[in-house]
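See below for the structure under consideration.
The values are calculated or read from the model by the stated rules, or taken from the named source; none is laboratory data. Please read these numbers as outputs of a predicted model, since none were measured by experiment. Cβ sites come from the backbone with ideal geometry, for glycine too, and all protein chains shown count toward neighbours.
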Amino acid sequence: MNTSALDDAKETTNSPVQGPLPAGTVAPDISLYATPDQRLSLHELKGSPVILAFYPADWSSVCGDQLTLYNQVLPTFREYGATLLGISVDSAWCHQAFVKDRGFHFSLLADFEPKGAVARQYGVYDSHLGVCKRALFVIDKEGVVAWSYVSPMAINPGADGILDALDALADSPTARPPKTSR
Amino acid sequence: MATLKVPVTANDHRQGRADAKVTLVEYGDYECPYCGLAYWVVKQLQQHFGEDLLLVFRNFPLTTAHPHALGAAVTAEYAGSRGFFWEAHDELYEHQDRLGVPLYGAIALRHGLSSDELAVAMQTDIYLPKIQSDFNGGVRSGVNGTPAFYMNGLRYDGPPEVTEMSQAIELSSARGLNR
């Protein structure tokens, strides 16, 4: 529960898109480095739900606690067939060290150059602090935002909202397997 | 505000009177240093509120960060199955710097339990479903780190300190709605 200046920072709302992309919006494609030499694209994951967890900074206290929790909840996310991706403006090398140190079993994407470009597209960039806001998106298997949420910088949002959104997706009529057409 | 999604039942580890004015549910990890500090805070709260406070402990081991958290939780559950949950719970937190098989065995022996039975419990994962069920209920209730406290079903978001928690417990008590 240590806090840093970043964890305590107040939110600012000067990103070009006002607020997080709401439910029903087609999720902008993402192509970011997941490792220093490998990119990962959102469209590659079409066909199953995706959880995007934007967070301010590798190594910060609240972010570390939040991602450690998600690492522990990963088997439950996988029961829904969902893929979890963390996103911050840290570089792929920084992510690599953070993942190794914490034993994370999911990818962290580097929204590093142009800095915060993806976060801006999703309406969750804090241009005053130069970091991603603490924001969550659940994207359905068709690539449409099903749920989004921005947490105050200093508050770990937990995983209950994500699981509720995944439940709603699993219960929706579109969750049924698509009919094969010839 | 986050609320407790899994009601307190007789299957929970409870300390205090069922009709206490306030039920304090803690989601904890035996290796978490903040839980280690909160252990002493909770002791003081119990002393202060006496019969007005019912304490419930549920497992929330963050095993990917804390390699001893699960072994300690299994030890407490095993001891609990033989009627010594709170003794084991207290000894684990009071010796948090020594978590490991020798401590678990010593706790078992101190209460006349079998360290062999405990070893079997560790190997067979017999208590894993209970521990995982506690964890899953915590996640659904919005536990976002440990320790997480719920007072009469509402998550307490203040610092885990005696003064602040006492005030919040008094507020809960005044509101009633124990659940």
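Spot the failing condition for A:A154; the list is (1) within 19 Å of A:Y33 (Cβ to Cβ); (2) surrounded by fewer than 18 Cβ atoms within 10 Å (Cβ to Cβ), and only one is missed.
(1)
From the list B:F149, B:F85, B:F135, which one is surrounded by fewer than 22 Cβ atoms within 10 Å (Cβ to Cβ), in contact (Cβ under 8 Å) with a residue 12 or more places away in the chain and aromatic (F, W, Y)? Break it down stepwise before answering.
On the way: B:F149 fails: surrounded by fewer than 22 Cβ atoms within 10 Å (Cβ to Cβ); B:F135 fails: surrounded by fewer than 22 Cβ atoms within 10 Å (Cβ to Cβ).
On inspection, the qualifying residue turns out to be B:F85.
Check A:V118, A:V99, A:V150, A:V145 and return the single one that is in a helix (DSSP H, G or I) and touching a residue at least 24 places away in the same chain (Cβ under 8 Å).
Values: A:V99 fails: touching a residue at least 24 places away in the same chain (Cβ under 8 Å); A:V150 fails: in a helix (DSSP H, G or I); A:V145 fails: in a helix (DSSP H, G or I).
Exactly one of A:V118, A:V99, A:V150, A:V145 is in a helix (DSSP H, G or I) and touching a residue at least 24 places away in the same chain (Cβ under 8 Å), namely A:V118.
Mind checking which pairs have a first residue in the stretch B:53-67 that is within 12 Å of chain A (Cβ to nearest Cβ) and a second that is surrounded by 23 or more Cβ atoms within 10 Å (Cβ to Cβ) and of a type in the set (S, T, N, Q), Cβ under 7 Å, 6 or more apart or different chains?
B:F60/B:T146; B:L62/B:T146
Does B:P129 qualify as being more than 18 Å from the chain's Cα centre (by Cα), modelled with pLDDT of 95 or more and part of a helix (DSSP H, G or I)? Working first, answer last.
On the way: more than 18 Å from the chain's Cα centre (by Cα): no; modelled with pLDDT of 95 or more: yes; part of a helix (DSSP H, G or I): yes.
So B:P129 does not fit the description; no.
Can you say whether B:R58 is among the basic types (K, R) and more than 14 Å from B:K130 (Cβ to Cβ), as far as the supplied structure shows?
Answer is no for this residue.
For the stretch A:44-88, what are the residues that are buried (at least 19 other Cβ atoms within 10 Å of the Cβ), of a type in the set (G, A, S) and touching a residue at least 40 places away in the same chain (Cβ under 8 Å)?
Answer for the stretch A:44-88, where residues must be buried (at least 19 other Cβ atoms within 10 Å of the Cβ), of a type in the set (G, A, S) and touching a residue at least 40 places away in the same chain (Cβ under 8 Å): A:A53, A:A57, A:S60, A:A82, A:S88.
Of (1) away from every other protein chain (no Cβ under 14 Å); (2) within 30 Å of B:K21 (Cα to Cα); (3) assigned to a loop (DSSP other than H, G, I, E, B); (4) not hydroxyl-bearing (S, T, Y), B:E77 satisfies all except one. Which?
So the condition that B:E77 fails would be (3).
Here are some residues: B:G142, B:G112, B:G105, B:G50. Which one is over 15 Å from the mean Cα position of the chain (by Cα), assigned to a loop (DSSP other than H, G, I, E, B) and more than 28 Å from A:A165 (Cβ to Cβ)?
Values: B:G142 fails: more than 28 Å from A:A165 (Cβ to Cβ); B:G105 fails: assigned to a loop (DSSP other than H, G, I, E, B); B:G50 fails: assigned to a loop (DSSP other than H, G, I, E, B).
On inspection, the qualifying residue turns out to be B:G112.
If only one of A:D58, A:D8, A:D29 is closer than 27 Å to B:R140 by Cα, of a type in the set (D, E) and at pLDDT 95 or above, which one is it? Don't jump to the end; show me each part of the working.
Numbers: A:D8 fails: at pLDDT 95 or above; A:D29 fails: closer than 27 Å to B:R140 by Cα.
From the options A:D58, A:D8, A:D29, the qualifying one is A:D58.
Among residues belonging to the stretch B:108-157 that are in contact with a Pro (Cβ under 9 Å, 6 or more places away or on another chain) and on the phi > 0 side of the Ramachandran plot, point out the one that is nearest to the other protein chains (Cβ to nearest Cβ).
Of everything passing the filter in the stretch B:108-157, B:G142 is nearest to the other protein chains (Cβ to nearest Cβ).
Please work out which one of (1) closer than 17 Å to A:P22 by Cα; (2) basic (K, R); (3) within 14 Å of chain B (Cβ to nearest Cβ) is the condition A:K100 fails and give its number.
Evaluating A:K100 over (1) closer than 17 Å to A:P22 by Cα; (2) basic (K, R); (3) within 14 Å of chain B (Cβ to nearest Cβ) leaves (1) as the failure.
Only one of these conditions is not met by A:E79: (1) under 16 Å from the mean Cα position of the chain (by Cα); (2) at pLDDT 95 or above; (3) closer than 23 Å to B:G137 by Cα. Which number is it?
Of everything listed in (1) under 16 Å from the mean Cα position of the chain (by Cα); (2) at pLDDT 95 or above; (3) closer than 23 Å to B:G137 by Cα, A:E79 misses just condition (1).
Just the residues that are surrounded by fewer than 18 Cβ atoms within 10 Å (Cβ to Cβ) and outside any loop (DSSP other than H, G, I, E, B), please, taken from the stretch A:102-115.
Answer for the stretch A:102-115, where residues must be surrounded by fewer than 18 Cβ atoms within 10 Å (Cβ to Cβ) and outside any loop (DSSP other than H, G, I, E, B): just A:R102.
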